[in-house]
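What follows is a set of notes on a single structure, which appears directly below.
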Amino acid sequence: MQANELRDMAKYTYDFFVIGAGSGGTRAARIAAAHGARVGVAEDLYLGGTCVNVGCVPKKLLVYASHYAEDFEDAAGFGWSVGEREHNWAKLIANKDKEIARLNGIYRRLIEGAGAKIYDARAVLEDANTISVGGERVTAQTILISTGGWPSVPDVPGKEHIVTSNEAFHLETLPDRIVVVGGGYIAVEFAGIFHGLGANVTQLYRGPMFLRGFDDDARAFVAEEMLKKGIDLRLITKVEAIAKQKDGSLLLDIAGGGTIETDLVMYATGRRPNTSGIGIEKAGVALNERGAVIVDKDWRTNIDNIYAIGDVTDRIQLTPVAIAEGHALADRLYGEPGRGVSYEFVASTVFSQPSLGTVGLTEAEARARYGEVDIYKSDFKSMKHTLSGRDERTLMKLVVERSSDRVVGIHVVGPDAGEIIQGFAVALKAGATKAVFDATIGIHPTAAEEFVTMREPEPEPVLKAAE
Ligand code: NDP
C-alpha cells in the first residue's frame with residue numbers, strides 16, 4: 001500500500017461502509033473485514049435482508065409445509081393409511097419465525113465475528129464520504145449501497161386493502177379464499193403455497209401466459225399442472241378496483257366485466273430498488289429510470305468511491321448473484337483481485353408446484369441467437385406417481401446449438417427441479433456438448449437420467465406461409 005493511501009485511510013472512521021446487511025452486503029462486509037479493512041455496516045430492518053426474512057428462506061419452508069398435503073394423499077397408494085389431517089397455520093408461522101430469528105443471530109455473529117461493527121439503524125448519506133447513522137456521523141473512504149428491493153404495487157383503486165409477500169409471511173390466519181395477482185416467481189410460488197395449505201386460490205395474470213422470460217413449453221406446462229391441481233389460474237385478466245365489503249371480504253372488479261369475491265388479495269407484481277431515504281441525491285449517485293443505482297462492470301457508481309451490488313442495481317434479482325458480487329467486490333478492494341462474477345448460465349428455480357428449474361437459453365432465445373437448434377424433450381409420469389395415482393407429469397427439455405453441438409439451455413418442470421438443475425448448470429458452464437451428455441451414464445431410476453438418455457430431437461417446427 002502506498003503512503004498516500006495509508007494517509008487517506010486514517011482520515012476516515014471506516015475504510016468500507018456497507019449500507020444494507022442483506023445477502024450481498026453481509027458477504028461484502030465479512031470478506032472486507034477478513035482482509036483487514038475497518039468495516040461498518042448499517043441495517044435498519046432485519047439482518048439477512050429479504051432472502052432470510054421475507055424471501056427465499058421462509059418461502060422454501062412454506063413450500064415444504066404446503067407440499068405435505070399431496071404427500072399424505074400420495075402415501076395411500078403405497079399402503080399407508082393416513083388419518084385426519086389438520087393444518088395449523090399459526091404454528092407453522094411461529095416455527096418459521098423461530099428459525100429466522102436463529103438465522104438473524106447467525107448473521108450478527110458472522111459480521112461481528114469478522115470484526116465489522118453493526119449499526120442497527122438507517123444510514124443516510126450526507127455526501128460521498130459522510131454517513132449519518134443512529135445519531136452519529138461517520139466517514140468512510142469507500143461506501144457500498146446494498147439496500148435491496150421492495151415489493152412494487154400498481155396504483156389500483158383499493159390498493160390499501162391488499163398485501164404483498166412481506167405481509168403474507170406474517171398472516172395471523174390463512175383465509176379461505178385468496179387472490180394472487182401477478183405471474184412472476186413470487187405469484188406462482190405463493191399460489192402453490194396457499195393452495196397446498198388449503199385455501200381456494202385464484203391467480204390473475206395480465207398477459208396470455210405467465211412466467212414471462214422462461215421457456216414457452218415450461219411456462220405452459222407449469223400452468224397446466226397448476227390448473228390440474230385446482231388453482232383457478234385466469235390469464236389476460238386485469239384488476240380494475242378492489243373494494244372492502246361490509247362483512248370484511250374483498251370484491252375485485254375485473255377489466256371487461258365480472259367480479260371476484262375473496263378474503264385476501266396478494267399482489268406480487270415485481271420489486272423496485274430501495275433507493276429512497278438514504279441520501280442518494282446528496283452523494284450525487286446516479287439512478288436509472290426505475291430508481292436503480294447505475295453501476296459499471298466493477299459495480300462502481302458514477303461516484304468513484306461508491307459501489308452498489310444486488311437487487312438495488314436491478315439486474316439479476318437473485319441472492320446468489322448478490323453474494324457473488326459482494327464477495328468479488330470485497331476481494332477486489334481489499335484482497336486478491338482475481339475473483340469475478342460471470343452472469344452467463346445463471347441457473348434459477350421457481351419453487352412453484354411442480355417446480356421449474358432453468359439454466360441457459362430458452363428455445364426462442366436460442367433460435368434467435370443461433371438460428372439452427374435441436375430440441376430434445378421428454379414429458380412423462382414419474383415412477384412415484386405410478387403407485388400414488390397422481391396425475392402429475394414432468395417435463396425435461398434440452399436446447400442444443402446445432403453447429404457446435406453445445407447444450408445451451410436446460411429446462412425442467414417437476415419435483416426437485418432446483419436440485420436437478422444445479423448440477424447441470426456446472427455442465428453448461430463447462431461447455432458440455434450433447435455428445436458429452438450422451439456419453440454420461442444415467443442414474444436409474446431417477447427423473448434426471450432423462451437428460452442423458454434423450455436420443456431423438458423434436459421434428460423441426462413447420463413454418464406456415466404467413467409466418
Ligand atoms: P417478477 O418481475 O418476476 O414478476 C412480476 C409479475 O408481475 C410479472 O408477471 C408481471 O407481468 C406482473 N406485473 C408487473 N406489473 C404489473 C401490473 N401493473 N399489473 C399486473 N401485473 C403486473 O417479480 P416478482 O415480484 O415475482 O419477483 C421479483 C424478483 O425476485 C424476481 O424477478 C426474481 O428475480 C426474484 N425472486 C426469485 C425467486 C427464486 O429464485 N425462486 C423467488 C422470488 C423472487 P409481465 O410479465 O406481464 O410483466
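For the reader, a short list of remarks on this structure follows.
- Cβ pairs under 7 Å, 6+ apart, first in the range 208-224 and part of a helix (DSSP H, G or I), second of a type in the set (Gly, Ala, Ser): Asp216/Ala364; Val222/Ser352
- Index of the failed condition, Glu281 passing every other in (1) within 16 Å of the ligand (Cβ to nearest atom); (2) surrounded by fewer than 19 Cβ atoms within 10 Å (Cβ to Cβ); (3) in a helix (DSSP H, G or I): (1)
- Looking across the range 217-247, the residues that are within 13 Å of the ligand (Cβ to nearest atom) and under 28 Å from Asp379 (Cβ atoms) come down to Arg219, Val222, Ala223, Leu233, Arg234, Leu235, Ile236, Thr237.
- The range 330-349, residues that are within 21 Å of the chain's Cα centre (by Cα) and either more than 12 Å from the ligand (Cβ to nearest atom) or part of a loop (DSSP other than H, G, I, E, B) (or both): Val341, Ser342, Tyr343, Glu344, Phe345, Val346, Ala347
- Residue ID - farthest from Gln353 (Cα to Cα), chosen from residues in the range 375-403 that are touching a strand residue (DSSP E or B) at 6+ places or on another chain (Cβ under 7 Å) and part of a loop (DSSP other than H, G, I, E, B): Arg402
- Against the criterion of being farther than 30 Å from Ala75 by Cα, in contact (Cβ under 8 Å) with a residue 24 or more places away in the chain and acidic (Asp, Glu), Asp374 qualifies.
- Residues (within 16 Å of the ligand (Cβ to nearest atom) and over 13 Å from the mean Cα position of the chain (by Cα)) located in the range 294-322: Ile309, Val312, Thr313
- Evaluation of Gly442 against the conditions (1) within 30 Å of Lys60 (Cα to Cα); (2) of a type outside the set (Phe, Trp, Tyr); (3) buried (at least 17 other Cβ atoms within 10 Å of the Cβ) shows that the sole unmet condition is (3).
- Selection count where residues are basic (Lys, Arg) and without any contact (Cβ under 8 Å) to a residue 40 or more places away in the chain, scope the range 267-325: 4
- Subset tally (residues that are within 16 Å of the ligand (Cβ to nearest atom) and within 25 Å of the chain's Cα centre (by Cα)) for the range 248-274: 10
- Residues of the range 177-190 that turn out to be within 11 Å of the ligand (Cβ to nearest atom) and either of a type in the set (A, V, I, L, M, F, W, C) or part of a helix (DSSP H, G or I) (or both), as a count: 8
- Residue list for the range 154-167, filter: within 12 Å of the ligand (Cβ to nearest atom) and either at pLDDT below 95 or within 23 Å of Val57 (Cβ to Cβ) (or both): Thr164, Ser165, Asn166
Residues checked against (1) under 22 Å from the mean Cα position of the chain (by Cα); (2) more than 22 Å from Leu318 (Cβ to Cβ); (3) within 16 Å of the ligand (Cβ to nearest atom); (4) among the aliphatic types (A, V, I, L, M):
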site	(1), (2), (3), (4)
Gly25	yes, no, no, no
Val41	no, no, no, yes
Gly48	yes, no, yes, no
Val52	yes, no, yes, yes
Tyr68	no, yes, no, no
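- One residue alone among Tyr64, Tyr68 is over 30 Å from Thr147 (Cβ atoms) and among the hydroxyl-bearing types (Ser, Thr, Tyr), and that residue is Tyr68.
- Within the range 195-207, the set of residues being out of contact with any strand residue (DSSP E or B) (no Cβ under 7 Å at 6 or more places or on another chain) and either in contact (Cβ under 8 Å) with a residue 60 or more places away in the chain or more than 10 Å from the ligand (Cβ to nearest atom) (or both) comprises Gly196, Leu197, Gly198.
- Restricting the first member to the range 235-247 and to residues that are within 13 Å of Val265 (Cα to Cα), and the second to residues that are within 11 Å of the ligand (Cβ to nearest atom) and part of a strand (DSSP E or B), the beta-carbon pairs closer than 7 Å and six or more apart or on different chains are Val239/Val181; Val239/Leu204.
- Counted residues, the range 191-207 - those being in a loop (DSSP other than H, G, I, E, B) and touching a helix residue (DSSP H, G or I) at 6+ places or on another chain (Cβ under 6 Å): 1
- Conditions (1) in a loop (DSSP other than H, G, I, E, B); (2) hydrophobic (A, V, I, L, M, F, W, C); (3) out of contact with any Leu (no Cβ under 6 Å at 6 or more places or on another chain); number of the one not met by Leu174: (3)
- Restricting attention to the range 350-368 and to residues that are in a loop (DSSP other than H, G, I, E, B) and of a type in the set (S, T, N, Q), the residue that is farthest from the ligand (Cβ to nearest atom) turns out to be Thr362.
- The listed residue being under 24 Å from Gly49 (Cβ atoms), within 14 Å of the ligand (Cβ to nearest atom) and either surrounded by fewer than 17 Cβ atoms within 10 Å (Cβ to Cβ) or of a type in the set (Lys, Arg) (or both), out of Gly135, Gly149, Gly213: Gly213
The values are calculated or read from the model by the stated rules, or taken from the named source; none is laboratory data. The shown structure was predicted, so the numbers you read here are calculated from the model rather than taken from an experiment. All Cβ positions, even for glycine, are placed from backbone atoms using ideal geometry, and neighbour counts span all protein chains on display.
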